[in-house]
Amino acid sequence: MKPLPPALAATPSLDRWIRLTGEGGVIASTGKVEIGQGILTALGTIVAEELDVARGRVQVVSAHTGHTPNEGVTAGSMSIETSGAALRQASAWARRLLLERAAARLALPADSLTVADGEIRGEGVNEPLTYWDLADQQFDFEIRHRTPEKDPSAYRLVGRDGQRRTDILAKATGPAFVHDSDAELHARVVRPPSLRHRLTELDVDVAAPGRLVVDGSFVAVAHPVEFEAERLARRVAGHARWRRIGSPPRGFDIDESRRETAEAFPLRNGVPSPVPRRRIATTHRAAYSRPFLMHASLAPSAAVAVWHDGALAIECSSQGIEPLRHVIARVLGIDPDAIEIRHVPGAGCYGHNGADDAALDAALIARAVPGRRVLLKWSREDEHGFEPLGPAMHVEMGASLDAQGGIAAWTHDVYGFTHVARPSPRAPGVDLLAARFLAEPFQPTLARPALGPEVGIHRNALPIYSFPDQEVTKHFMPDAPVRTSALRGLGAQGNVFAIESFMDELAHAGGTDPADFRRRHLQRDAGALTVLEAVLDLSGGLAGSRGLGIARYKNRQCCAAVVAEVSVDPETAEIRVPRLWIAADAGRIIDLDGLTNQLEGGAVQALSWCLKESVSFDAEGAVTSRDWSSYPILRFGEVPEIETVLLDHPERDPLGAGEATVGPTSGALGNAVFAATGLRIRDLPMTPDRLRQVAAR
Amino acid sequence: MVPFRLNGDAAQFDDGERDTPLLFVLRGPAVGDMTPKLGCAREECGACRVLVDGDPAYACTLPAGEVEGRHVETAAGLDTPVRRALLESNATQCGYCLPGIIVAAEALFRLNPQPSRAEIAAALDSQLCRCGSQPRVLSALLAAGGE
Ligand code: FES
Ligand code: FES
């Protein structure tokens, strides 16, 4: 039999996962968190299915240290695979134990009993027993091995359409986000111009009930009235003097001198290895790039903290409350067990944004005002100016073609900065914004290349295609000029944009249809071939101003193919994307609508990155795109109509999909622009200026 | 005290808050309607949208004093076909932009109950959504108008 899901092996106590309530309900606990991906809805459906109860009976409780299972970080589209597998198995055990109890009471064999919505029936049983009649003992059971799960062919909820998100009515009509928490004090941080600046002078009086909190160069204010806190922050900012420490950054481009000094790690069996890079002669070459990008959450980061007798309670929207607890404890010099963190939703984060930083900010302020419940919010300018950025990337592709126009050899060299800087108790440094500004500062971790399979810079650098000869190399540059960390898909977006653009270029070079060209090289992944055909069917093919992109996320998760259709305004050189088609295979479908929503959301975000987004900086290294005018994103009038088809595989495990479309969409867009204009845009974003530059070449 | 109406009910706030942006007054302890959201505080994202006497306004910059004696509506009070259509079709992801979108769409539908896709998109162009929920918001509203 398969081993237990790892999360369940780590937390084997059944009561930690599933409990029955006195009122005929079921409480399922997960260490994963809702970040707009609908995970709590999907997990609740899995539990209801496996337990044979109505969906409405199941309430899912999310990450709370000491209460819910510790499931690390919610990232990498892994929640449905990991937490879903654990909850499914835990529910199967709960059902089995309840049936065994019922069997003993009814003096019938357990396997002769049936369950519908928690009502247990058997031969000659007139009054059915319910789960809740049997729940007095709860479970008090340690899961040591697997019990059989329901056969997917018997599913009545999982994979069915028409499921409603359980959390959105509250979000539309009341307090639902950490930003909406009640508070005794509202707090704001007064930021320096950049990460490189420190406080030299602050001569200001703050009268009660306002509060000023200063620790080194960490400056914050608090006030019982929220708008007064805003005004106070502005006044204090006007009195603060800062100076730059160290030298200014050496620029923000991945230029030749940077590339020459990068550390090279050719991939061997998918893993970056410290071996010499094989030189392969290529006849076709092209280089692609993307700039620094923002997560740019619609809500500035926020957190609640209260400090009581040396213990700290935090509410925040971090994706990883357990690691965060340890890192904050280190900064404050207290026992991690003195910190309790409860996840409360924020706006969508798309990776590692300011949510963790805000938790430390709130904690530092709360420590200065013991006993008071502090709600800290960042401003929009600070969110844009200080969140960890999605790193810039530079990808050099090479290939040679055989006599039939197929690819004989392939090289892929991806250059970039770290994508992995979440706060971690295992990291030597402290990767939280405020830590470096304290009077006794903690420095961030020196970036090291991530050397696992499919992580960071080289995520999806390996092509989905098979070639007779290939060399794929990760080039790591430790000297990021800004703070960078995980943004939706990590390296997958830049790598797949390069691969899919280059495939298109090679197809045209050999005079082959771009779809045929891909078919020819997709022999290794039959599933991907099916997805490719599905998107071509759905869209009616690639005629006209259309482009194609395809990838399998991390080369083992959800496979997505995208066809984009564009129109380019001859006057303004503006690219419009009126229509987009998506086909995807995410294994067994748990929540059809939720999956579609994730795939489409990822596609829209990728279009926004590719068409509009680029972080700008000044010479000191400060971010200058600090609002929505200087960092525009795609608007309602600019989004395509999207049609999506999902290939269901009930026999396989479900796969996360939140990141699956960012790469394929980026590739499809560039290829569509080529189809429409004959211009190959290799550097993102594809703004009108860029189009004109390329046209002028 | 400054009187106004909020979602049909009498409400009021302190005279000293006339110059405070309406958003902070609505979300403050005296009124306590948390549906309008703080997103940018500079009329760039639409998260704070409310209706003032039926017209969409940015609560993040509108001085609260200007709603004296007027009717303010927020997503919490708009139990309308527009809000139901959006909720029934899961037309959101994280939901932070949703209250503002409900308000802006409601303003459109009161004037134009059967808008085209282009008309809906134009009316919502002031509303940012970072999660990419726009295509399904548009589909849900288009369907709501067609019924
Ligand atoms: S908060 Fe008012 S427009 Fe952004
Ligand atoms: S759903 Fe998250 S910002 Fe719109």
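In the stretch B:123-147, of all residues being farther than 25 Å from B:Val52 by Cβ and away from ligand 2 (no atom under 16 Å from the Cβ), the one that is farthest from the other protein chains (Cβ to nearest Cβ) corresponds to B:Glu147. Entry remark, the stretch B:24-33: residues being at the interface with chain A (Cβ under 10 Å from one of its Cβ atoms), in contact with a strand residue (DSSP E or B) (Cβ under 8 Å, 6 or more places away or on another chain) and within 12 Å of A:Phe227 (Cα to Cα) number 2 in total. For the stretch A:266-307, the tally of residues that are assigned to a loop (DSSP other than H, G, I, E, B) and in contact with a strand residue (DSSP E or B) (Cβ under 7 Å, 6 or more places away or on another chain) stands at 13. Scanning the stretch B:34-57 for residues that are surrounded by fewer than 24 Cβ atoms within 10 Å (Cβ to Cβ) and more than 7 Å from chain A (Cβ to nearest Cβ) yields B:Glu43, B:Leu51, B:Val52, B:Asp53, B:Gly54, B:Asp55, B:Pro56, B:Ala57.
Among the conditions (1) more than 11 Å from ligand 1 (Cβ to nearest atom); (2) without any contact (Cβ under 8 Å) to a residue 40 or more places away in the chain, the only one that B:Leu51 does not satisfy is (2). For B:Ser126, the conditions (1) surrounded by 17 or more Cβ atoms within 10 Å (Cβ to Cβ); (2) away from ligand 1 (no atom under 16 Å from the Cβ); (3) farther than 19 Å from A:Pro175 by Cβ; (4) not hydrophobic (A, V, I, L, M, F, W, C) all hold with the exception of (2).
Entry remark, the stretch A:328-373: residues being assigned to a loop (DSSP other than H, G, I, E, B) and under 26 Å from the mean Cα position of the chain (by Cα) number 10 in total.
Of the helices (runs of 4 or more DSSP H) lying entirely inside the stretch A:586-697, those containing at least 1 residues that are among the acidic types (Asp, Glu) and closer than 30 Å to A:Ala507 by Cβ are A:592-612, A:688-696. All of A:His197, A:His239 fail the test of being more than 14 Å from every other protein chain (Cβ to nearest Cβ), open to solvent by less than 50 Å² (accessible area, probe 1.4 Å) and farther than 22 Å from A:Trp307 by Cα, apart from A:His197. If the condition is being of a type in the set (Asp, Glu) and touching a Gly at 6+ places or on another chain (Cβ under 6 Å), then the stretch A:550-588 contributes only A:Asp585. Within the stretch A:1-46, the residues that satisfy the criterion of being among the aliphatic types (A, V, I, L, M) and either at pLDDT below 90 or within 21 Å of A:Gln598 (Cα to Cα) (or both) are A:Met1, A:Val33, A:Ile35, A:Ile39, A:Leu40, A:Ala42, A:Leu43, A:Ile46.
Flag set for B:Ile120, criterion: more than 12 Å from ligand 2 (Cβ to nearest atom), within 21 Å of A:Pro632 (Cα to Cα), more than 7 Å from every other protein chain (Cβ to nearest Cβ) and crowded, with 24+ Cβ neighbours inside 10 Å.
Checked against (1) within 12 Å of chain A (Cβ to nearest Cβ); (2) modelled with pLDDT of 95 or more; (3) away from ligand 1 (no atom under 16 Å from the Cβ); (4) open to solvent by less than 10 Å² (accessible area, probe 1.4 Å), B:Glu17 passes all but condition (4). Pairs meeting the criteria (first residue in the stretch A:153-180 and more than 7 Å from chain B (Cβ to nearest Cβ), second residue open to solvent by 60 Å² or more (accessible area, probe 1.4 Å), beta carbons under 7 Å, at least 6 apart or on different chains) are A:Gly159/A:Asp648. Picking from residues in the stretch B:77-104 that are more than 10 Å from every other protein chain (Cβ to nearest Cβ) and β-branched (Val, Ile, Thr), the one that is farthest from B:Ala143 (Cα to Cα) is B:Val103.
Criterion first (within 14 Å of chain B (Cβ to nearest Cβ) and more than 17 Å from the chain's Cα centre (by Cα)) does A:Thr68 satisfy it? Here the answer is no, as A:Thr68 does not meet what is asked. Of all the listed residues (A:Ala92, A:Ala75), the sole one being on the phi < 0 side of the Ramachandran plot and assigned to a helix (DSSP H, G or I) is A:Ala92.
From the list A:Leu529, A:Leu490, A:Leu462, the one residue that fits, being on the phi < 0 side of the Ramachandran plot and either touching a residue at least 60 places away in the same chain (Cβ under 8 Å) or part of a loop (DSSP other than H, G, I, E, B) (or both), is A:Leu462.
In this structure, does B:Leu6 turn out to be more than 10 Å from every other protein chain (Cβ to nearest Cβ), at pLDDT 95 or above and open to solvent by less than 10 Å² (accessible area, probe 1.4 Å)? The answer is no for B:Leu6. For the stretch B:77-116, residues that are farther than 21 Å from B:Cys131 by Cβ, among the small types (Gly, Ala, Ser) and away from ligand 1 (no atom under 15 Å from the Cβ) total 2. Sub-7 Å Cβ pairs linking a first residue in the stretch A:677-693 that is assigned by TED's automatic domain parsing to the domain that holds A:Phe497 to a second residue that is open to solvent by 50 Å² or more (accessible area, probe 1.4 Å) and aliphatic (A, V, I, L, M), at least 6 apart or interchain, are A:Leu679/A:Ala695, ordered by first then second residue.
Among the residues of the stretch B:66-76, some residue qualifies, meaning at least one is within 16 Å of ligand 1 (Cβ to nearest atom), part of a helix (DSSP H, G or I), at the interface with chain A (Cβ under 7 Å from one of its Cβ atoms) and without any contact (Cβ under 8 Å) to a residue 60 or more places away in the chain. For the stretch B:45-56, the set of residues classified as more than 14 Å from ligand 2 (Cβ to nearest atom) and under 18 Å from B:Leu98 (Cβ atoms) consists of B:Val50, B:Leu51, B:Pro56, listed by residue number.
The values are calculated or read from the model by the stated rules, or taken from the named source; none is laboratory data. What you see is a predicted model; the values in this text were computed from it and never measured. Positions of Cβ are generated from backbone atoms using ideal geometry, with glycine treated the same way; all protein chains shown enter the neighbour counts. Calculation scope for accessible area: heavy atoms of the full protein, side chains included, ligands and nucleic acids excluded. Shrake-Rupley method; radii C 1.70, N 1.55, O 1.52, S 1.80 Å.
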